[in-house]
Each structure stands twice: as structure tokens, then as C-alpha cells.
Amino acid sequence: MSPLPALLERACNAPAVLLYLDFDGTLAHLRGDPDLCALPASLRPVLEALSALPHFDLAVISGRSLEDLRHRLGLQAEAINLSGNHGLELLCGGERWSDPRAEALRPQLDQWALGARQLLADLPGARVEHKGLTLSLHERCVKAEHAGEMERRLAPLLTDLAADGCFALRRGRCVLEIRPAFPHGKAMAARRLEQNAKERGLILGAPDPSVAPLRLYFGDDQTDEDVFLHWPGVTGIRVGPSALSSAASCRLGGPVGVAHWLEALWAQLRESGDATSAAH
């Protein structure tokens, strides 16, 4: 594992930094009810300050919808780039984009959501979250004695879903995700964000254009492994228990560790004088 203090030094000295982070379990603590997840208030000014640096490109890449992310981050408009629904939608450089293939599937997704709600209507704690372009079926609040009951009830729907072929089922921690079956994911989102940064001149504006930017990604679950494996040149930081296997080269114990690292980065940049070059 690469030592995090050394990574801090690299981030402070790099001519351009692509700093991309997951939200749930990375910036915000996981909660039994996903609606209770929130960005710590102390991190807002740090993220806004880092995003204002002309050689930093800061983004949050999440399975949540863009609107949900904007609400939970509570940052000033356009202070930070966002990718929602596992890369199916972006808010980047002030412009919004969503995958037209996913948009075309909205009516079908509405029907899957309706069917899931009917099957889970009387299972306490089960929750169907419709995120516009994907569905999340949450089991985190289901009592232990009913473990596995949600997926048993959903079995007919999941069978029909597999036969339909337009959507794929992904399993996460206490959640089943119904997402479009065509290739997409957080790594593709990271590559789109990097391309946008190039188009905005962030990387070309570095002192030496031949020097690659420092690519950093912080994430805590299997959807983030996609970035660690498939974003070329990334330094991955896996957030959470060290017992979990990961393709990331660094580890942090949880959102508290992420917050401390970001705060240390901002403090060191201020001390070095780099922060005074912020354009806004």
C-alpha cells in the first residue's frame, strides 16, 4: 500500500490533479436509511476551496441521482462536477448530460419500479428508490429475522428482468440495483470527466503539458472497484475495512479518514501558497 503522506505530497506538487470521490461511505457515513446520509458541514468549505484551484478538477461520482447529490452536497452552484446514476448522467463545467439510451428506457423502468413496490409493500424496512435512470431496492432497514426475504419476494420480477434483457441486476451492500444492461459505470464517468477537464484547458494549462495529471479516486464499495481497475493511471484509495480485497493501492479507514486527508491537503496547499492562485 502506498503511504498516504507521500500521496499528500504528490497531490500538493502535481501540475494538475483530478480528484474524484464517491459519496456514500466515502464522503458521508453510511446510514440504515439512505435519506439520512449527509456531507459533514466541515467538509463543504474544504471541497469548495479545492474546486476553486485552477489546477484541480474535483468531482463526486455516485450511484445517486444528480438532483439528490446536489441536495446532499449543499455546495454552491457549479462548485464541483457531479456524476450520478453510475455515470449515466453528468453535471460538468456547468453543463448537464444524460445518456440518451437510458432516457429511452424510463417508461420500462417505471414499470419495474411499480412491480417492485407491489411485491415489497408489506415488508417492513424494504424500500424502492427510483432514481430516474436506475432503481435501488434497499434492504438495510429490514430486520435481521427477515434477512433474504426481499430477494425471495422479488424472485418473479428478477426472473422477468433477466429475460427482458434491457436491464441488469447488480448486488451491493444491502441493496439490489436495477440498471440499464448496456456498458456504463463509474470508470466511464471518470474518463468523461477527465476528457471534459482537458477540453476546459485544465490539464493543457499545466506548466508542462507532457506531464500526466495525478488521478485520484476515493471509493468504498464494489462499484468503485470499476474505477480502480479501468481508469488508466489512477491511484485508487479504498475507503473502509482493510479485510476487503481491492485493486486500490491505498487504504483509508472510513469517511473520517477521507475528511482528515482532504483537510490536510487544503492546509498544506495554503501553507505552500498554492491556494492563493485560486481563480474564484
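Every read-out reported here was derived from the displayed coordinates using simple, explicitly stated rules and does not represent laboratory data. Just so it is clear, the structure is predicted and the values come from calculations on it, not from any experiment. Counting neighbours? That spans all protein chains shown, and the Cβs are built from the backbone with ideal geometry, glycine included.
For the peptides 29-35, 14-20, residues were scored by their other Cβ atoms within 10 Å and the scores averaged per peptide; the highest-first order is 14-20, 29-35. Taking the DSSP bridge list for the chain and keeping only pairs wholly inside it, about 50 percent are antiparallel.
Volume per residue for the chain equals 127 cubic angstrom (convex hull of Cα atoms). The peptide list 133-139, 264-270, put in order of mean Cβ contacts within 10 Å with the highest first, becomes 133-139, 264-270. Computed from Cα positions, the angle between helix 149-164 and the longest principal axis of the chain comes to roughly 80 degrees. Using only Cα atoms, tell me the angle between helix 186-199 and the longest principal axis of the chain; keep it within 0 to 90° and round to the nearest 10. Between the helix axis and the principal axis of the chain, the angle is about 40 degrees.
Each peptide among 189-197, 66-74, 39-47 gets the average number of other Cβ atoms lying within 10 Å of its residues, and from highest to lowest they stand as 189-197, 66-74, 39-47. Take the Cβ atoms of Asp33 and Leu8, set R0 to 35 Å, and the FRET efficiency comes out at 0.55. Separation of segment 222-259 and segment 95-158, taken as the distance between their Cα centroids, equals 27 angstrom. In the chain, the calculated helix contribution to ellipticity at 222 nm averages -11500 deg cm²/dmol per residue, counting -39,500 (n - 2.57) for every DSSP H run with n ≥ 4.
For helix 255-272, what angle does its Cα long axis make with the longest principal axis of the chain, in degrees from 0 to 90 and rounded to 10? Relative to the chain, helix 255-272 is tipped by roughly 20 degrees. Taking other C-beta atoms within 10 Å as the exposure proxy, Phe23, Phe182, Phe228 rank Phe182, Phe228, Phe23 from fewest upward.
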